[in-house]
1. Cα convex hull of segment 141-192: mean projected area in nm², to one decimal?
2. Mind giving me the FRET efficiency for S188 and K133? R0 is 25 Å, r the Cβ-Cβ distance, nearest 0.05 is fine.
3. Once label points are set 7 Å from the Cα along Cα→Cβ at both K421 and A476, what is their separation, rounded to one decimal in nm?
4. Whole angstrom only: what separates the Cα centroid of segment 103-148 from the Cα centroid of segment 467-540?
5. Between I87 and D410, what is 0.36 nm times their sequence separation minus the Cα-Cα distance? Round to one decimal in nm.
6. So what is the accessible area of segment 67-146 per residue, in Å², with the probe set to 1.4 Å?
7. Taking the Cα centre of the chain as origin, sum charge times position over the Cβ atoms of Lys and Arg (+1) and Asp and Glu (-1), and report the length of that vector in debye to the nearest 20.
8. Select from W475, L332, H138 the residue farthest towards the positive end of the dipole of the chain; place +1 on Cβ of Lys and Arg, -1 on Cβ of Asp and Glu, and compute about the Cα centre.
Amino acid sequence: MPEISLRSHVLERHLITSAIPYINGIKHLGNLVGSQLPADLYARYLRARGHEVLFLCATDEHGTPAELAAAKAGKPVDQYCAEMHAIQSEIAKGFQLSFDHFGRSSSPQNHALTQHFAGKLDAANLIDEVVEKQVYSHADGRFLPDRYIEGTCPNCGYDKARGDQCENCTKQLDPTDLIEPRSAISGSTDLEVRQTKHLYLKQSVLKDQLDAWIDSKTDWPILTTSIAKKWLHDGDGLRDRGITRDLDWGIPVKKGTQDWPGMEGKVFYVWFDAPIEYIACASEWAEANGLEPSEWERWWRTDKGAEDVRYTQFMGKDNVPFHTLSFPATLLGSGEPWKMVDHLKSFNYLNYDGGQFSTSQGRGIFMDQALDILPADYWRWWLLSHAPENSDAEFTWENFQTSVNKDLADVLGNFVSRITKFCSAKFGDQVPAGGHYGPTELDLLNRLDESLTRYQDNMSAMEVRKSAQELRAIWASGNEYLQTVAPWTVFKTDPETAAMQTRLGLNLALLFGVLSSPFVPEASEKILNCLGHPAAPWPNKCEDFLINLTAGEAFEVPEVLFAKITDEDCARYSEQFSGKRN
Ligand SMILES: [Zn+2]
């Protein structure tokens, strides 16, 4: 059988971006399930259906937290970022995240493009130059962002209030409100208020344009549009935003390739350059693969081929305003034909065992730790099948154990093991010949086609949990079939029929392998390899697919696909991850 199927659906072009993780450390599982992992699920699914996909992610490398993390590590910030990028990139590979490129917001491409956008926005009269007062620390030799000034709250007396807000009473503050202000970096009280000039993006001017654009998105979830509308209309409406900072580490402020008089020594604010990296990353991808610039432009410029691209962004709910307003303001304001997002998939939060995952407090499970103890597929399956789509979700070890054991080991793993071992024992390590489908098989095929349609519809709609449920139901139908027809009994009286049932069972294992590839790519690959069809295509109709393995073909019995997590394992992990990360 050639591994080709005629696909009746129209082939599409999909641009997919995941919110870009910040550089200052390894991300936890809550970060992973809030953007990168579901984006990978979608990208893998669309590729498997034969669509053309460009899936991009990058590290977000600028800003004060990166500078401080580098200082803490005793390294120059550029070196620190390069090292952390390499680490995050390796961990992403460990989780089988299939980015076409994992870029860096500090790339030369992003420098040039960010300066380009600033120049275009300025030419469109959308940039204001504003002189403002900011706190300068003599001891640190730098201006301090508001949150890096600490002092006593004038409202409640809390002595660790930050310059932007008091954590204790939640009052919004200005640094000059603080009693006995000091630098949060050095603790120095040798501070001075100085004048400094900054650029503001006049988002307020773009309000109506943004409003009309959001109104045109009739298929967006209400959660997404309501967040955007709130920012557009609440209070004084959409506010202008500062896009520059007095920092050393960042993209120097320029108008395109020209200097910006009065802005020497300043850089763009991280929120301005980070989303532009979505575009720059495509340019990095083209360069890394020796492609012409036209190859990335056909994904991003509607005048250069991106007209038929469908662009989907994945992000946590806290990132929605940036993706619905700030970044679109940059693109619309440039007056150039850039591809705008078609669909945003946003997620709620994943909590850890009765509290929040926290990077700053080292609470929860971090991506590197997860891979140290168990294979990526286990985590992928739990996280995706429990994705925080409509509400927050909670990770507990007990729930994780149940899900891995009952879904992966007892249903998928058990089916593949059972049918290959049975065949091997009764017919040898090749697909048996003989027999014809009866009513039970025809009924199974019909039900599988219905399940397949539902699975595909849910995957296309990015309904992650529903897709996982449907996939599990498909796996379960294999075990139910074997249980019903019992080839081990039939074999004694009617070996021909038992051969047909076994052959169908092996083909079902191949089908499950293909359909599972977006969720558990490593197990999927093992199943396909053992059955000798590593490139088996996505099914069109199950009846046509389930004759891929023909009589006489050799196969191997796979090793255990999913080992069960014991109660002892569970107790040990629970203990291991109960405290703060070292
Ligand atoms: Zn307070």
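1. The number I arrive at for segment 141-192 is 3.0 nm².
2. Efficiency computed from Cβ-Cβ geometry: 0.85.
3. With each label point 7 Å from Cα toward Cβ, the separation is 2.3 nm.
4. Their Cα centres are 56 Å away from one another.
5. Numbers: separation 323, 0.36 × 323 = 116.28 nm, distance 3.43 nm.
Gain in length upon complete extension: 112.9 nm.
6. Numbers: 3540 Å² over 80 residues.
Here the per-residue accessible area is 44 Å².
7. Working: 57 positive and 82 negative charges, 48 e Å.
Dipole size: approximately 240 debye.
8. W475
The values are calculated or read from the model by the stated rules, or taken from the named source; none is laboratory data. It should be emphasised that the depicted structure is a prediction, and the values quoted were computed from it without experimental measurement. Methodologically, a virtual Cβ is constructed for each residue, glycine included, from the backbone with ideal geometry; neighbour enumeration extends over all protein chains shown. Remember, those area values only see protein heavy atoms, side chains included, never the ligands or the DNA or RNA. Shrake-Rupley method; radii C 1.70, N 1.55, O 1.52, S 1.80 Å.
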